[in-house]
1. I need the full set of residues from segment 271-303 which are assigned to a loop (DSSP other than H, G, I, E, B) and closer than 18 Å to residue 316 by Cα, in order please.
2. Consider residue 8 against the criteria (1) surrounded by 13 or more Cβ atoms within 10 Å (Cβ to Cβ); (2) modelled with pLDDT of 70 or more; (3) at negative phi: it satisfies all of them except one. Which criterion is unmet?
3. What number goes with the only condition from (1) more than 28 Å from residue 194 (Cα to Cα); (2) open to solvent by 10 Å² or more (accessible area, probe 1.4 Å); (3) not in a loop (DSSP other than H, G, I, E, B) that residue 104 does not pass?
4. Please go through (1) part of a loop (DSSP other than H, G, I, E, B); (2) in contact with an Asp or Glu (Cβ under 9 Å, 6 or more places away or on another chain); (3) of a type in the set (Lys, Arg) for residue 347 and return the number of the only condition it doesn't satisfy.
5. For residue 76, are the conditions met, namely being open to solvent by 50 Å² or more (accessible area, probe 1.4 Å) and in a helix (DSSP H, G or I)?
6. May I ask you to list the residues in segment 212-254 that are in contact with a helix residue (DSSP H, G or I) (Cβ under 6 Å, 6 or more places away or on another chain), within 18 Å of residue 186 (Cβ to Cβ) and in a loop (DSSP other than H, G, I, E, B)?
7. Taking residue 235, is it charged (D, E, K, R), without any contact (Cβ under 8 Å) to a residue 60 or more places away in the chain and open to solvent by 20 Å² or more (accessible area, probe 1.4 Å)?
8. Going through 253, 246, 213 one at a time, which residue ends up being closer than 30 Å to residue 360 by Cβ and among the charged types (D, E, K, R)?
Amino acid sequence: MKRRAFIKKNGALTLLAPFAGLPIASFESSKDNIIVNKPKWLLQMISNNDLSVNNILSRYVGDIHAVNYGAVLDGNEMATAHSITSFLKTGICALVSPESQFYDSQGLREKLALSCDFILGLQNDDGTIDLVSTNFHSTPDTGFIVKWLAPVWRLLDQSAVTQKQVILAPLKQFLINAGEALKIGGIHTPNHRWVVSSALAELYKIKQDEAYRTRAEEWLSEQIDLDEDGQFEEKSSYIYSSLSDRVLISIARGFNKPELLEYVAKNLKMNLYYLHPNGEIVTEASGRQDNSRIGTLENYYYPFRFMALKTGDGQFAAACKLIEETCFKKTTGFLYYFLEDPSLWEKLPASKALPVNYAKEFRNSNLIRVRRGDYDASILSGSTVFFTFHKKELALQGMRFA
């Protein structure tokens, strides 16, 4: 019950009720005098992002005499490419947002510039970075970082922020170096093909290098690993399926491949039958580290919103509302998607009821899902845990033979 209460508490903090008191933002761009109106949910996301910036700054190394001066330390007090990337992604989103307390902040700009120089120093000669816990000279881990940093580089480049070249110049050098590795490097897991292809698509928006497209086409020629049920090969419903949805959208947009959106839509439709009554998602069939982990839907907010607006699907719109009601604060890390694409600010189509009364087999995942209103069950084969049951906050996490 304690961990269920924890999930409920976190979800309660993100209810849409706090949005009611927020004004719609209006400001004039110094470049084109266009009045920009941001929706209340986006203003809340920007506010949440400010909190994240303040949290990250507590781990920023500001001592000029320190060997890690300009870096951000991770949980193990190490200065890594990933910890610095988190700061760059979060900090640049704040720096370019007129509604942020950090908008065009000289102090933040100077710190970001130093971090750009630091991450450039961490980059290997071949353009890769290291995931210091396990993967060295890692193309896919480089791909993850590029797909985060290329969009925020573009946001900053197109912004009215002053003295922005101190960030843009070293960050672009890092990205172009990384692109050389992504043109030739390999991968570790199925989803890495789409991550690397997405990173190449994001780079292509910065530099029109046809080698980026050629390499992505090589990965795409292996065909998208979606089964008949709508699940990706790794069956990672909390982490990697949502990741695949996001990066496939990125590839579709960057390389003009709208046919890839069909895979995204099919996976999202499948996940509507993976929902527990309290907004959590079924994870017991996963083949990755999220197996049996308690997971909410924050990772799907961008795909659901993008596809709801693209297709007019009312169930996708309803899924967005569910995320806003249960775990909205956790979507903050995806702010850059929504800042760069104002079409996502549009009003969602009318919601259509989510499925709440069904018995459905997902043969390729060895899973049967049964839901009857406020309670649901999962029946699994090929697993030591063969049955789970949920009724709102009450959960039988697993039943097994001994």
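The values are calculated or read from the model by the stated rules, or taken from the named source; none is laboratory data. What you are looking at is a predicted structure, and each value in this text was computed from that prediction instead of being measured. Cβ coordinates were reconstructed from backbone atoms using ideal geometry, including for glycine residues, and neighbour counts include every protein chain displayed. Quick note on the areas: whole protein, heavy atoms, side chains included, nothing else; ligands and nucleic acids left out. Shrake-Rupley method; radii C 1.70, N 1.55, O 1.52, S 1.80 Å.
1. 272, 273, 274, 276, 277, 278, 279, 280, 282, 296, 297
2. (2)
3. The single condition residue 104 does not satisfy is (3).
4. Every condition holds for residue 347 apart from (2).
5. Judged against the criteria, residue 76 is not a match.
6. 225, 233, 234
7. Answer is no for this residue.
8. On the way: 253 fails: closer than 30 Å to residue 360 by Cβ; 213 fails: closer than 30 Å to residue 360 by Cβ.
Just one listed residue meets the conditions, 246.
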